[in-house]
Each structure stands twice: as structure tokens, then as C-alpha cells.
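Written out below as C-alpha cells is the structure these notes cover.
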Amino acid sequence: MADRSPDVPYRQAKPARSAPSNGKPPGRPPPAKPQVARTPPARGGATRGREPRHFAALDLGTNNCRLLIARPQGDGFAVVDAFSRIVRLGEGLAGSGRLSDAAIERTIAALKICADKLRRRNVTLSRAVATEACRRASNGGDFIARAYAETGILLDIITAEEEARLAVLGCHALIEPGEDPALVFDIGGGSTELVLVDTRAETPRVLDWHSAPWGVVSLTESAGHGPPGQDGGAEGRAAAYAKMRSLVAESMAPFAARLPRGIAVPRLLGTSGTVTTLASVHLELTHYDRAQVDGLIVPATAMRRISRDLAGMDLRQRAQLPCIGTERADLVVAGCAILETIMDLWPAERLGIADRGIREGILRRLMGSTA
């Protein structure tokens, strides 16, 4: 690791360590009891027993609804089907304290697609989790009940700690080799999870963790600049970005004070739409390509430059960039502010990029529980 230039992006020849599906979460706690998918039996049941078992993981966040269906393969799994849609479940939550009717309708529509995939793929065992938006919303429980009634998907509102641990379990194979502790982070829609891990064992051990109450949706709604013509121009956009950075730094200060000092080569791994999007911009991709992004190691200086460039653009300019577009143009600046703040408190020369996380962590637990 020491002989690589920090200014040149590269991909590891293979993951830093294997990621066996042994069902053991990093550090603790015991796996939660998985939910059996409520799906009708497939037609032609006589051949059902010869089919491989399919497992599914659904992650409903503040911004995205993401499903992964896989079957065991070797020490890991092979993806059978996947689904991802930006639903913005937490839109307006910061001001109202409730999930809006429009956001609920968008999310139910996405969950119905997921339910159809679960039925068609004959999923044996699945778990669906909901995170910050449902944790925070006063009507989160009502939404969970409606989602189950209309789709058959039972969402489990998990704690911020379990969310952090699942993310580490799903992506830790991409941490660069090293002996000192590494920092893994997940920038979500409503919160950001940071986990300090000891990677000397095959399965990382969690040393410390922190959940900051800022994600790309919540931070944008609280401190983001307005649309072109109402954003105050270059000065207004700079002021909004500085405010975002200040809010995030304040929320992470207790964790920053606990972090170890004197780390020779800090290692940093991010899993989220923010880091995969910025990596795509860095690679100048015309469209998103997971094969090029997942496992990429990017110079931290390049990610800072891209973050500041995006923060200086107005909404229209960002929307014209490939891999950002209109769906991410309004939220990506908040992600940049969170990312830069994390790089301040853990000054690694390189940033590892993971297009994997909570869903993969759930799948490993499910498969390990039935091994």
C-alpha cells in the first residue's frame, strides 16, 4: 500500500479479504430473526425442490428503495435480480416530522415492484429493513402497517447501530490491506453512519461507531441553496456549502474526539450513492457502471476537488453532468459536504468506493443462518 501514489486511482487486483457468508456480524450483535417472504407458492411445485434457494434483502432508506435477490455461491453469493428506485420517502420530514402522502405513495409503488420480484423469483427467505426516515417519522409505524397490508413486505425499522454494522458486513472486503484501524462510512438520505473497525481478523471487529443526523435529504432541506435565480449566485452557494459543512462537523465532533491519533496510513471506505456518483464523475463515465466503480480506490484530493466544483455549480449545471442528472442534482452537494467533513476528521490519502452495503450484509446474515 505504501508504494502506491495517492494521486492515481486504481482497483485492487482482488478484494482485500474474503467475505464469507458465515452469518457473523462484525463485532456483535446476534442476527435478528429474518422475515420469511410472504409469497405464494410457485406453479409447478413438483420441480421446486431442485431449484437453488433464493434469498432477498430490501433496504428502504430516506431516499432510495433497493432490493437484492441472490443465491449462495461458493463463499459468497450470485445476484439473481436487483431493483433500485429513488423514492424520497423522507422528503419534507425535517419540517413536518411526518412522511408525506406523496412520498408514501411513491414508496408503496416501488415496494409493489419488489413484492412482484420476490414472488417471481420464488424467494425462500428475506429481510426488509427501514432506516432513518421511518425511525424519525411520527407516522412511521402506520406506514409500515400499510406497506405490509398492500405489498406483503414486512419492514423492520432497525436502529442506527444495526444499520452501521450491516453496512460494514456488506462492504468490508473492499477495505485496503493494513494493520491500523480503518474507517467505514455510509452517507444515507437521513443520516450518516461512521464505523471504526479493526481489520486484522477475517471479519472486522467494530471498535467504535457514530450516527450523525445528517444525510443528503435532511441536510439539503435544512441548509441547501435554492434553484437558479434564488440561490444567491456564487456567493450564496458558497455560503450554503459552508453552513452544511459546519452542521455536519458539529454533529460528528464527539466521534472525531474519540478517534485514535497518529495513524500512519489512514484507510477510508465509503458506501453510498454519494461516493459512487462522485467516483463516476472522477472516471468521466457517460453512464453509471458498477463494474468500474465498486472496489475503486480514488485519490482523496480528487474527491475534494470534485466536491467543491459541484458545490460551486447551480442546479442546472449539475443536472447536465452524466451520472448526476436531474434525480441527484439537488442532493449531491449535501453529500459532498458530508464527505469532505469525513475526510477532514480521517485524513486518508485515498478513498475506497463500495457499491455494496446494507443489502449485502443482510444477505450474508440470512445465508449464514441457514448454512
Name the long-range amide H neighbours of Ile175: under 5 Å, sequence gap of 5 or more, or other chain; modelled H, no Pro or chain starts.
Ala16
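Out of the total accessible area of the chain (probe 1.4 Å, heavy atoms of protein only), what percent is carbon and sulfur?
Working: 8010 of 15710 Å².
Percent of accessible area from carbon and sulfur atoms in the chain: 51.
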Sorted list, accessible surface of protein heavy atoms, 1.4 Å probe, largest first, for Phe77, Phe55 is Phe77, Phe55
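What whole-number value in Å² describes the accessible area per residue of segment 101-242 for a 1.4 Å probe?
Heavy-atom SASA per residue in segment 101-242 reads 36 Å².
So for segment 201-286, averaging the separation of alpha carbon pairs under 8 Å that are six or more residues apart and normalising by length, what relative contact order in percent results? Before the final figure, lay out the partial values.
Working: 23 pairs, mean separation 23.3, N = 86.
Relative contact order comes out at 27 percent.
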For Ala238 and Glu327, what does the FRET efficiency come to when R0 = 30 Å and r is the distance between their Cβ atoms, rounded to the nearest 0.05?
0.80
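Share of antiparallel DSSP beta bridges in the chain, in percent to the nearest 5?
On the way: 35 of 52 bridges.
The antiparallel fraction comes to roughly 65 percent.
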Place +1 on the Cβ of every Lys and Arg and -1 on the Cβ of every Asp and Glu in the chain, take the dipole about the Cα centre, and give the residue among Leu194, Gln320, Ser84 whose Cα lies farthest towards its positive end.
Ser84
Sketch the reach of a paramagnetic label on Asp142 as a point 7 Å from Cα along Cα-to-Cβ, and name the residues of segment 81-116 whose backbone nitrogen lies under 11 Å away.
98-101
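Rounded to whole Å and sorted largest first, what semi-axes of the equivalent ellipsoid does the C-alpha gyration tensor of the chain yield via the square root of 5 times each eigenvalue? Mind showing how you got there, number by number?
Details: eigenvalues 201, 135, 70 Å².
Equivalent-ellipsoid dimensions as semi-axes: 32, 26, 19 Å.
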Roughly how many debye, to the nearest 20, is the charge dipole of the chain about its Cα centre, given +1 on each Lys and Arg Cβ, -1 on each Asp and Glu Cβ, and no other charges?
1380
Sorted by packing (mean other beta-carbon atoms within 10 Å per residue), highest first, where do 61-73, 115-127 land?
61-73, 115-127
Label point distance in nm, Arg308-Ala256, each placed 7 Å from Cα along Cα→Cβ:
1.7
Determine, from the Cβ-Cβ distance of Leu207 and Ser246 and an R0 of 35 Å, the FRET efficiency 1/(1 + (r/R0)^6), rounded to the nearest 0.05.
0.80
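Only helical DSSP H runs with n ≥ 4 go in: add -39500 (n - 2.57) per run for the chain, normalise by residue count and round the 222 nm mean residue ellipticity to 500 deg cm²/dmol. Don't skip to the end; give the middle numbers.
Working: 14 runs with 150 residues, N = 371.
It comes out at -12000 deg cm²/dmol, rounded to the nearest 500.
The values are calculated or read from the model by the stated rules, or taken from the named source; none is laboratory data. Computed from a predicted model, the values in this text were never measured in an experiment. When we count neighbours, we look across all protein chains shown, and the Cβ atoms used for this are built from the backbone with ideal geometry, even at glycine. Just the protein is used for accessible areas: all its heavy atoms, side chains included, with ligands, DNA and RNA removed. Shrake-Rupley method; radii C 1.70, N 1.55, O 1.52, S 1.80 Å.
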